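Shown next, in structure tokens, is the structure this report addresses.
The values are calculated or read from the model by the stated rules, or taken from the named source; none is laboratory data. Since this is a predicted model, take the numbers as computed values, not measurements. Here the Cβ positions follow ideal geometry from the backbone for every residue, glycine too, while neighbour counts run over all protein chains shown. In case anyone asks, the SASA skips ligands and DNA or RNA and just uses the protein heavy atoms, side chains included. Shrake-Rupley method; radii C 1.70, N 1.55, O 1.52, S 1.80 Å.
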Amino acid sequence: MAYDPQNIFAKILRGEIPCIKLYEDEHTLSFMDIMPQADGHALVIPKEGAETLLELSDDSAAACIKTAKKVAAAVKKAMDAPGIVIFQLNGAAAGQTVPHYHVHVLPSSLGAMGKGHASKMEDQAKLQAIAEKIRAAF
Ligand code: AMP
């Protein structure tokens, strides 16, 4: 399917809607997930417009995994997490709800995956406080 430049993450990249930013470089942006599956749930997106990994350039894919590794280290430290889950969904049939490629980074421990996927809006002040801790851990 053709990439839709009106998707919510494209709007975040253009600064049309806000996000709670954790990290940014030339090719990627990382911010807090607003419906987290666990405290400290972060997202990493490429600046390139692509819906899934299959359309994304190799360079952007590499940039995303490099940023995901940085963010994972900060999330692990800030949240004192025993483990980190990194996942990403490709296509609505796989459960992808936002059609701009992204990597999920979240703290986890065995058997405690936490809340449902994109199910409940988190309190903004709580997200800001967690983001502050993560940014301090880079
Ligand atoms: P997926 O279902 O893999 O496409 O994941 C999309 C993720 O984006 C979900 O975890 C949502 O909670 C999250 N999300 C949706 N809208 C926003 C937004 N405006 N800012 C931050 N995260 C969002």
- [ ] Output the number of residues of the range 1-22 satisfying the condition of being within 17 Å of A129 (Cβ to Cβ) and open to solvent by 20 Å² or more (accessible area, probe 1.4 Å).
- [x] 3
Open item on the list: Among the numbered criteria (1) closer than 21 Å to G116 by Cα; (2) of a type outside the set (S, T, Y); (3) within 15 Å of the ligand (Cβ to nearest atom); (4) open to solvent by 60 Å² or more (accessible area, probe 1.4 Å), which one does K76 miss?
Closed with: (3)
Open item on the list: Going through P99, P82 one at a time, which residue ends up being touching a strand residue (DSSP E or B) at 6+ places or on another chain (Cβ under 6 Å) and open to solvent by 10 Å² or more (accessible area, probe 1.4 Å)?
Closed with: P82
- [ ] Could you grab me the full set of residues in the range 16-30 that are within 13 Å of the ligand (Cβ to nearest atom) and without any contact (Cβ under 8 Å) to a residue 24 or more places away in the chain?
- [x] E16, I17, P18, C19, L29
- [ ] Would you please list the contacts, defined by Cβ atoms under 6 Å and residues six or more apart or on different chains, that run from a residue in the range 82-99 that is more than 9 Å from the ligand (Cβ to nearest atom) to a residue that is open to solvent by 40 Å² or more (accessible area, probe 1.4 Å) and part of a helix (DSSP H, G or I)?
- [x] I84/K76
Open item on the list: I want to confirm something. Restricting to the range 31-50 and keeping residues that are under 17 Å from H100 (Cα atoms) and within 11 Å of the ligand (Cβ to nearest atom), which single residue is nearest to the chain's Cα centre (by Cα)?
Closed with: L43
